[in-house]
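As structure tokens, the structure follows; a few thoughts come after it.
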Amino acid sequence: MRAYRFDEPNNLQALRARQEAVGAPQRGEVLVRVRAVALNYRDISLILGRYVWDTAAGLIPCSDAAGEIVAVGEGVTDFKPGDRVISIFHPRWFGGRVPKGAAMQTYGNGVDGWLCEEKVVSQEALVALPDDISFEEGATLPCAATTAWTALSGATPIRAGSTVLTLGTGGVSIFAVQLAKAMGARVIATTSSAEKAERLRALGADEVVNYNEVEAWGRHVRKTLTGGVGVDCVVEVGGPATINESLRAVRPGGEVVLIGFLSEENPGIDYFLLKGSNAVVRSIAVGDRAALEDLVRAWRGARLKPVIDKVFDFDEALEAFAHMQAGRHVGKVVIRVG
Ligand SMILES: NC(=O)c1ccc[n+]([C@@H]2O[C@H](COP(=O)([O-])OP(=O)(O)OC[C@H]3O[C@@H](n4cnc5c(N)ncnc54)[C@H](OP(=O)(O)O)[C@@H]3O)[C@@H](O)[C@H]2O)c1
């Protein structure tokens with residue numbers, strides 16, 4: 001089977017596919033034929049040295065995949081050959097507290113990921129993919145969609161009538177728009193262009209703010225778009241350069257959910273703004289297996305469809321990474337395998 005690896009760090013061009021052997025599944029393991037892999041900004045940040053956790057070099061990249069079971073080891077009870085599955089982001093975090101060492105057991109930074117044709121994993125590291133979700137759609141759910149779900153369904157989950165602020169039109173943010181609208185929330189979304197603003201409105205965003213035109217977008221959201229109240233939840237993917245505006249946009253008692261680090265500038269957090277916001281600041285790491293299972297149920301219940309910007313073939317993985325890095329996509333970038 002073929003598998004991709006980056007031959008050198010800090011170079012997205014150094015992605016090469018090679019023939020590799022795949023072992024037989026052992027007790028409790030299954031062999032998955034990979035059918036689709038979805039990219040996340042994380043897959044780029046790992047190679048460019050911009051990730052939040054340590055990274056081992058030379059691993060197969062990508063955390064998100066959909067495929068079918070082709071063989072099972074002894075004692076496998078959850079799946080049989082032919083079953084359709086998706087990967088879970090944290091292969092050993094099923095629920096409850098995060099297991100010790102989980103940060104170095106995630107795909108592409110601590111263990112080999114999914115940008116390959118076949119992979120052996122524990123049956124526990126997979127979730128069933130319903131027949132009405134295609135492999136390409138299913139591959140988009142493990143990281144970005146689960147993260148959006150975890151962001152919106154914390155200790156104070158959003159509900160009908162809540163106001164949610166999303167930033168940009170990447171994978172996590174588009175899922176957040178779709179899920180928040182499905183839950184009956186009012187969505188305010190930021191973006192960089194008029195064209196992307198139209199896409200957001202078509203997905204149901206109630207208000208769209210172009211952050212290139214409205215520099216103080218956080219204050220604008222609070223004062224003008226929420227009548228001075230502030231939003232209930234900010235799905236914060238921008239990171240160091242957007243956190244201060246997000247703190248200006250949130251209502252006292254609302255939540256700023258720390259997710260991303262897309263911005264390269266790091267002006268620092270204004271402590272008095274943070275303290276004075278009276279907001280809950282919650283940093284999340286995607287979610288556990290139960291969150292993905294809940295998300296799949298909610299996704300089907302609300303009859304949602306992932307927004308897939310472009311599907312590349314397995315041989316075009318380099319182009320897929322370049323497309324993702326260019327940042328012109330809306331939603332998800334997917335690689336079809338096999
Ligand atoms: N903590 C977690 O659990 C978790 C899980 C998933 C992802 N993440 C992180 O969340 C972030 C988003 O991931 P993703 O895969 O959704 O990314 P993505 O698809 O690459 O999102 C890119 C889009 O974000 C917007 N953007 C780019 N730079 C921005 C900035 N400085 N401020 C605001 N918006 C910006 C742009 O949209 P517009 O042109 O429309 O503005 C861009 O097209 C990444 O940092 C990722 O590593 C964290």
Handout entry: Residues that are in contact (Cβ under 8 Å) with a residue 40 or more places away in the chain and of a type in the set (Lys, Arg), drawn from region 265-302
Key = Arg282, Arg289, Arg300
Handout entry: Matching residues in region 315-335 - criterion: being touching a strand residue (DSSP E or B) at 6+ places or on another chain (Cβ under 6 Å), farther than 19 Å from Thr191 by Cα and surrounded by 17 or more Cβ atoms within 10 Å (Cβ to Cβ)
Key = Ala317, Ala320, Val334, Ile335
Problem - Condition met for Ala322 (more than 9 Å from the ligand (Cβ to nearest atom) and under 22 Å from Gly154 (Cβ atoms)) - result: no
Practice task
Enumerate the strands (runs of 3 or more DSSP E) found wholly within region 139-224, keeping only those where 2 or more residues are at pLDDT below 95.
Solution key: none
Handout entry: Members of region 25-64 that are in contact with a strand residue (DSSP E or B) (Cβ under 6 Å, 6 or more places away or on another chain), within 15 Å of the ligand (Cβ to nearest atom) and outside any loop (DSSP other than H, G, I, E, B)
Key = Val37, Ala38, Leu39, Ile47, Asp64
Practice task
Take Val209 and decide whether it is within 16 Å of the ligand (Cβ to nearest atom) and touching a His at 6+ places or on another chain (Cβ under 9 Å).
Solution key: yes
Exercise for the section: Would you check if there is a residue in region 235-247 being within 9 Å of the ligand (Cβ to nearest atom), surrounded by 22 or more Cβ atoms within 10 Å (Cβ to Cβ) and among the charged types (D, E, K, R)? Expected result: yes
Completion exercise
Of (1) more than 16 Å from the ligand (Cβ to nearest atom); (2) aliphatic (A, V, I, L, M); (3) touching a Lys or Arg at 6+ places or on another chain (Cβ under 7 Å), Val307 fails just (1)
Problem - Residues located in region 156-182, provided they are out of contact with any helix residue (DSSP H, G or I) (no Cβ under 6 Å at 6 or more places or on another chain), away from the ligand (no atom under 16 Å from the Cβ) and in contact (Cβ under 8 Å) with a residue 40 or more places away in the chain - result: Thr156, Ser162, Thr163, Ala182
Fill in the blank from the handout: Within region 209-234, the residues that are over 28 Å from Val52 (Cβ atoms), surrounded by fewer than 19 Cβ atoms within 10 Å (Cβ to Cβ) and among the aliphatic types (A, V, I, L, M) are Val214, Val229
Practice task
Considering only residues that are surrounded by fewer than 15 Cβ atoms within 10 Å (Cβ to Cβ) and charged (D, E, K, R), look in region 84-122 and name the one that is nearest to the ligand (Cβ to nearest atom).
Solution key: Arg97
Exercise for the section: Kindly indicate whether any position in region 130-150 is within 13 Å of the ligand (Cβ to nearest atom) and surrounded by fewer than 21 Cβ atoms within 10 Å (Cβ to Cβ). Expected result: no
Exercise for the section: Scan region 246-264 and report the pairs whose first residue is not assigned by TED's automatic domain parsing to the domain that holds Gly276 and whose second residue is of a type in the set (Val, Ile, Thr) and near the ligand (Cβ under 9 Å from one of its atoms), with Cβ atoms within less than 9 Å and a gap of 6+ or a chain change. Expected result: none
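The values are calculated or read from the model by the stated rules, or taken from the named source; none is laboratory data. Since we're looking at a predicted model, the values are computed, not measured. So basically every Cβ, Gly included, is an ideal-geometry build from the backbone, and we count neighbours across all protein chains shown.
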